[in-house]
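Take a look at the structure set out below.
Bear in mind these aren't lab numbers, they're just calculated from the coordinates by the rules spelled out. Only a predicted model underlies this, so the values are computations on that prediction, with no experimental measurement involved. Cβ atoms come from the backbone with ideal geometry, glycine included; neighbour counts cover every protein chain shown.
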Amino acid sequence: MNFIWTKIAKNKLFFRIFTCRIEAEERMNDLFNNNKHEFFNLYKKLYLFLRTTWNIEKTNKLRRIITDSIKQSFDDGDKNAQEQFILSLKTVVIIIEEIGLKQSSVAATLLFNPVYFNYYSVENTKKDFGDDEALILDGLLRVNMFNDKKSAIEQENYMKLMLSTAEDARVVFIMIAQHLQKMRNAKSMDNATRLSLSVESTYLYAPLSHRLGLYTVKSELEDLSLKYTDRDTYDYIASKLNQTKRSRDSYINEFVTPLKERLDKTGLKYDIKGRTKSIHSINNKLKKQKVEFEDIYDLFAIRIILDSPLDLEKTQCWQVYSIVTDMYQPNPKRLKDWLSIPKSNGYESLHITVMGQHSKWVEVQIRTRRMDEIAERGLAAHWKYKGIKEETSLDSWVSNLRESLESDDLNLQEVLGDFKLNLYNEEIFVFTPKGDLFKLPKGATILDFAFAIHSKLGSTCVSGRVNGKNVPIKYELKSGDQVEINTSAHQSPKQDWLNFVVTSKAKTKIRQLLKEEAGKQVDIAKETLSRRMKNRKIDLDEATLSQFIKKLRYKTVTDFFIDIATGKLEVNWVIDHYIEFENKEKESEHRDFSIASSAENFVLQPTETIQSSDELIIDQNLTGIDYKLAKCCNPIFGDEIFGFVSSQGIKIHRINCPNAENMFSRFGYRILKARWSGKTTGSSSYTIVLRVIGNDQINIVSNLISIISKEDGIQLRNINIDSNDGLFQGNISVILANTSMLEQLIKKLRAVKGVKSVSRLN
């Protein structure tokens, strides 16, 4: 046997439980020969975890099921069985070490492949391991049904994933872990797959991780997405962080040294550590503040973690706060108190920004060990599974989301859009007259509060009383407000309500009620039109009516009948113009029939179509599809690109387009995979602007122009040069055919003596 167990062989129990069956199988030895070291490291972590939570019998049974299924899949010709199992192990390690789920989630994740490939069953899982494991496994299987059919982002998959959480939220945590593992392995994947994963990260998994309190996971997903969509920006920030690491470490040490001396005198048990902001977060600051990297002051935060007993947590945190603010000048506007009222995802911490040495602002986070555990692992850190599951904020959140998604009549895209707006929103806290606490997103109105209590209360709301004063339903609530709702039996939802409510629950319910009311009005309008036509002895043809409605430029038949019901269209006018339209159609048909040619000569012209799951291939001769090259990033042949479905057709953008992140995060469902055709034609031409910076030397500009003019297939269109303090900078506009030409040109321009940098502007 080639298996070498070295370090772990000393543990006889581990050896007996996890290895005896594998050693007995020569085929298993062949399976893991190539990845032996990685396999053993992962397997050891798994066993050490299960040994502390499960008995030997269950652990041994799980090992036997997995090894049998791997051997069986290998016998069935599946050469990827080894890789699939190792990926499962990697996901399990994330679940254990980074999210903090327990043995039920671990077992369900490991049993997924055996059950998915029919080597085991959910029923057997329930019998052998328990209800929890079977419930989680069933949720994973249901979600995976839609993963097999997803495009860039699958709206339906999103919905099903969310609905599955109504039975068990651990499914979502596992899905996040699986996606994180895919992103970590994306380096070896093709560009189209990396783009698809990056879109899913920004549109779904990063916001979900944020909402569930998995801030570390969220940051890593955002950083990896930036790495695969805008590598230049990612590398620039990463290199800057690396260059400034020594100075940051030095400043952190200078800041915390006197602080430690004061804290040591109190007798408190604590740890202090520095935390650098994520690359994605820094990039957002660079774009938002429009500053250079060196001008960002809050690149890091100081975190003080206390070992406090539960009953003294808040007291000791505020004690540390007083010490910090006594030593350093605080900024009261930047105080964030999540001790008194934690976030809905369980996050508790005290944040204060103070003026440190050399007039630099420093964020200090104060929390206990328990709070830090929740901050790092989110809701998974204190999710309870023994006995009766207690009501948590996550339960409430999931229930509200399920209520929004369960209505088949509503536009799923609108619902998901509303829901996503709430994921990152800050919270406010308001009270009922009886003192009950409600958490709402910042910007919530009286109407949002009414719908949060009950849908009927929201639909009949006419005004409110805030702290004893009458206010309209549009009134924006603030933390600490005491709110009372005034209702009327004559009130009904209005279309303009959608303009000022902010919660997904309120928006969803209003749309539902408006649609129900519109349906009633449509029925009345249809009955009125039909009755009037019968009175005038006119036969109503549905096909002709549809054409007539289109001629009136209505997007839907419903809109047409609503206008009749509300009086915008007078019924007799509609009938008169319908008759006129019908007569014209009959005359046209008669005319066309008289000149019609034989059907034998008719040839159907083929048309090209595209589906969301397909890849759009961009070609100069592409017909049948309305697409344009986006002006914001000006893609050229050879650039990594994606398609974006807009109201003006499909827009083609570069992967590193300045607007790409916004499109991925807000409109992931509109993203299409796209690539250029295999070769460019001689007629292809694109205008590119280059930014050139260098020393202001004699003849340097003429040297640049000379190089461009000598390049085959490249034309100089425009040049604009400015000179100041011995440096020149300018924009050079050229026309060329592809990125290969562009890269070659940039390389030659950078080689010119005196040139400091050459970069593409668009």
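Taken about its Cα centre, the range 615-676 carries a charge dipole of about 180 debye when Lys and Arg each add +1 at the Cβ and Asp and Glu each add -1 at the Cβ. As a length-normalised measure over Cα pairs under 8 Å and 6 or more apart, the relative contact order of the range 202-241 settles at 29 percent. For the range 686-760, the residue among ASN738, ASN724, SER702 whose Cα projects farthest onto the positive side of the dipole built from Cβ charges is ASN738. Semi-axes of the equivalent ellipsoid for the range 513-592, computed as √(5λ) from the eigenvalues of its C-alpha gyration tensor and ordered from largest down, come to 24, 14, 10 Å.
For ASN242 and ASN572, a Förster radius of 51 Å and the Cβ-Cβ distance give a FRET efficiency of 0.10, rounded to the nearest 0.05. About its Cα centre, the range 239-382 has a charge dipole of approximately 500 debye under the convention of +1 per Lys or Arg Cβ and -1 per Asp or Glu Cβ, with nothing else charged. Here each label is just a point 7 Å from Cα along the line to Cβ, and for GLN547 and ILE296 those points are 6.1 nm apart. Computed packing ranks the peptides 545-556, 194-205 as 194-205, 545-556, most packed first, by mean other Cβ atoms within 10 Å.
FRET efficiency for PHE429 and LYS756, Cβ-Cβ distance as r, R0 = 60 Å, nearest 0.05? Here the calculated transfer efficiency is 0.65.
For the range 686-760, the equivalent ellipsoid derived from the Cα gyration tensor has semi-axes of 20, 12, 11 Å, listed largest first. Among the trypsin sites (Lys or Arg not before Pro) within the range 454-483, those in coil by DSSP and having at most 16 neighbouring Cβ atoms inside 10 Å are LYS474, LYS478. Working note: Karplus 6.51/-1.76/1.60 with θ = phi - 60° gives the range 254-260 the couplings 5, 6, 8, 4, x, 5, 4 Hz, where Gly and Pro are set to x. Near LEU616, the amide H atoms lying under 5 Å from its own belong to LYS673, ALA674, ARG675; only residues 5 or more places off or on other chains count, and H is placed 1.01 Å from N.
Toward the positive end of the charge dipole of the range 615-676, about the Cα centre and with charges on Cβ (Lys, Arg +1; Asp, Glu -1), which of CYS632, ASN656, LEU616 goes farthest? Of the listed residues, the answer is CYS632. The local environment of THR325, defined by Cβ-Cβ distances under 12 Å, has a net charge of +1 under the rule Lys, Arg +1 and Asp, Glu -1. Across the range 429-436, computed HN-Hα scalar couplings (Karplus, 6.51 cos²θ - 1.76 cosθ + 1.60, θ = phi - 60°) run 10, 10, 10, 7, x, 7, x, 6 Hz from first to last residue, x flagging Gly and Pro. With θ taken as phi - 60° and the Karplus curve 6.51 cos²θ - 1.76 cosθ + 1.60 applied, the whole-hertz 3J(HN,Hα) list for the range 103-117 is 5, 4, 5, 4, 4, 4, 5, 6, 7, 4, 4, x, 6, 4, 9 Hz, x standing for glycine and proline. Enclosing the Cα atoms of the range 239-382 in their convex hull gives a volume equal to 128 cubic angstrom per residue. In the range 239-382, taking the dipole from charged Cβ atoms about the Cα centre, the farthest positive-side position among ILE282, THR325, VAL256 is held by ILE282. Sorting 437-446, 514-523 by their mean Cβ neighbour count within 10 Å, with the most densely packed peptide first, gives 437-446, 514-523.
How much of the pair distance distribution for the range 426-501 lies past 16 Å, counting alpha-carbon pairs only, in percent? Beyond 16 Å sits 42 percent of the P(r) for the range 426-501. Candidate cross-link partners of LYS756 among the lysines, defined by an alpha-carbon separation under 17 Å and a same-chain spacing of 8 or more, comprise LYS747, LYS748.
Here the range 494-517 and the range 627-664 have alpha carbon centers that stand 33 Å from each other.
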